[in-house]
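Structure, as structure tokens:
Any read-out appearing in this document is the output of simple, stated calculations on the displayed coordinates, not a laboratory observation. Fair warning: this is a prediction, and the values are worked out from it, not measured in the lab. Glycine gets a Cβ as well: all are built from the backbone with ideal geometry, and neighbour counts include every protein chain shown.
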Amino acid sequence: DGSVTTWQLLPGNSQQWKFVKVDDNHFMIQNQETGKVVTFSNGSIIETVASGSADQIWKTYSVNGLYGFVNEKTGLAISAEASDDGIVLCMINWNKLPNQLWKLCSEDSMSISLEVGPDWFRFDSEE
């Protein structure tokens, strides 16, 4: 299992993600390189093997064309916070704050990117 971090855009599957639909408004977020999914565990955002547990399921909220991702188990949202090491991902209460709202941008017919601040993340959608 590994941590999920922000990083400058580089080529390769490690920065490509896929939304795996659980139901109409819930997804697991799967890394294209590792096949692991974004999981909230013991206060950290990490990648783990998919089990379908509530700590791996994310509800999406749309706010003025931007999106928030709230963990099904905790009700906490993925947030980008400044630190001495740059931008880090953390979990805080869902308040529709700018650091909790992500822009989804079409790259091509099969993928979207996720932007926050100077960083962006690529997700491939799966219906």
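Compute the signed sum of charges (Lys and Arg +1, Asp and Glu -1) over the other residues within less than 11 Å, Cβ to Cβ, of Gly68. Combined, the nearby Lys, Arg, Asp and Glu give +2. For the stretch 23-50, the residues whose amide N sits under 20 Å from a probe point set 7 Å from the Cα of Glu81 along the beta carbon direction are 38-47. Taking each residue as 0.36 nm, the span from Leu66 to Lys103 lengthens on full extension beyond its C-alpha to C-alpha distance by 12.8 nm. Note: relative contact order over the stretch 38-96, using C-alpha pairs below 8 Å and six or more positions apart, is 25 percent.
Summing +1 for each Lys or Arg and -1 for each Asp or Glu among the other residues whose beta-carbon sits under 11 angstrom from that of Ser53 gives -1.
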